[in-house]
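Asks: Here's a structure for you.
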Amino acid sequence: MSPKLTVLKYGDTVFGENYLFRGGSKDKLLPITFCIYLIETEDRKILVDAGCDDGSGFPMSVFRTPVEVLSDIDIKPEDITDVIIT
């Protein structure tokens with residue numbers, strides 16, 4: 001089995017450009033998508049970034065916990081063999 005990469009979106013929000021770039025406008029909003037990444041090999045299920053369970057402390061227009069999005073593809077937390085935090 002070749003390694004398989006799955007990108008799982010768990011949240012959407014917007015930030016003022018000034019929050020992301022020095023000198024940016026606070027009135028210009030930029031969309032931000034939050035994702036976790038699952039790498040599957042024959043014997044490993046590696047989660048890259050673990051996400052968050054609480055919306056990161058700012059409003060999200062779409063939010064589901066990482067456990068919920070993993071369950072959509074029949075992955076349970078105990079199936080994860082490794083976690084890489086970036």
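Listed here are the residues, each with its yes/no results for (1) out of contact with any helix residue (DSSP H, G or I) (no Cβ under 9 Å at 6 or more places or on another chain); (2) under 29 Å from Asp74 (Cα atoms).
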| residue | (1), (2) |
| --- | --- |
| Met1 | yes, yes |
| Leu5 | yes, yes |
| Phe15 | yes, no |
| Leu20 | yes, no |
| Leu29 | no, no |
| Ile32 | no, yes |
| Thr41 | yes, yes |
| Val48 | yes, yes |
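Asks: Could you check how many residues of the stretch 31-51 are assigned to a loop (DSSP other than H, G, I, E, B) and of a type in the set (Ser, Thr, Tyr)? Before you say what the answer is, go through the steps one by one.
Replies: At the first step, the residues of the stretch 31-51 found to be assigned to a loop (DSSP other than H, G, I, E, B) are 41-44, 49-51.
Adding the requirement that they be of a type in the set (Ser, Thr, Tyr) leaves 41.
The number of residues fulfilling the criteria is 1.
Asks: Right, here's the next one. Being open to solvent by less than 100 Å² (accessible area, probe 1.4 Å), in a strand (DSSP E or B) and more than 23 Å from Phe63 (Cα to Cα) is the filter here, so list the residues in the stretch 1-30 that pass it.
Replies: none
Asks: Would you confirm whether any residue within the stretch 4-11 is small (Gly, Ala, Ser) and within 10 Å of the chain's Cα centre (by Cα)? Show your work before the answer.
Replies: First, the residues of the stretch 4-11 that are small (Gly, Ala, Ser): 11.
If we keep only those that are within 10 Å of the chain's Cα centre (by Cα) as well, we get 11.
For the stretch 4-11, residues small (Gly, Ala, Ser) and within 10 Å of the chain's Cα centre (by Cα): present.
Asks: To continue, here is another question. For Thr81, work out the one condition from (1) more than 30 Å from Tyr19 (Cα to Cα); (2) open to solvent by less than 60 Å² (accessible area, probe 1.4 Å); (3) of a type in the set (Val, Ile, Thr); (4) without any contact (Cβ under 8 Å) to a residue 40 or more places away in the chain it doesn't fulfil.
Replies: (2)
Asks: Name every residue in the stretch 65-78 that is touching a helix residue (DSSP H, G or I) at 6+ places or on another chain (Cβ under 8 Å), surrounded by 12 or more Cβ atoms within 10 Å (Cβ to Cβ) and at pLDDT 95 or above, in order of residue number.
Replies: As a first pass, look at the stretch 65-78 and keep what is touching a helix residue (DSSP H, G or I) at 6+ places or on another chain (Cβ under 8 Å): 67, 70, 76-77.
Next, only the ones that are surrounded by 12 or more Cβ atoms within 10 Å (Cβ to Cβ) stay: 67, 70.
Listed by number, the list holds a single entry, Leu70.
The values are calculated or read from the model by the stated rules, or taken from the named source; none is laboratory data. Keep in mind that this is a model prediction, so the values were computed, not measured. Cβ: placed from backbone, ideal geometry, glycine included. Neighbour counts: every protein chain shown. Surface areas here come from the heavy atoms of the whole protein model, side chains and all, with no ligands, DNA or RNA. Shrake-Rupley method; radii C 1.70, N 1.55, O 1.52, S 1.80 Å.
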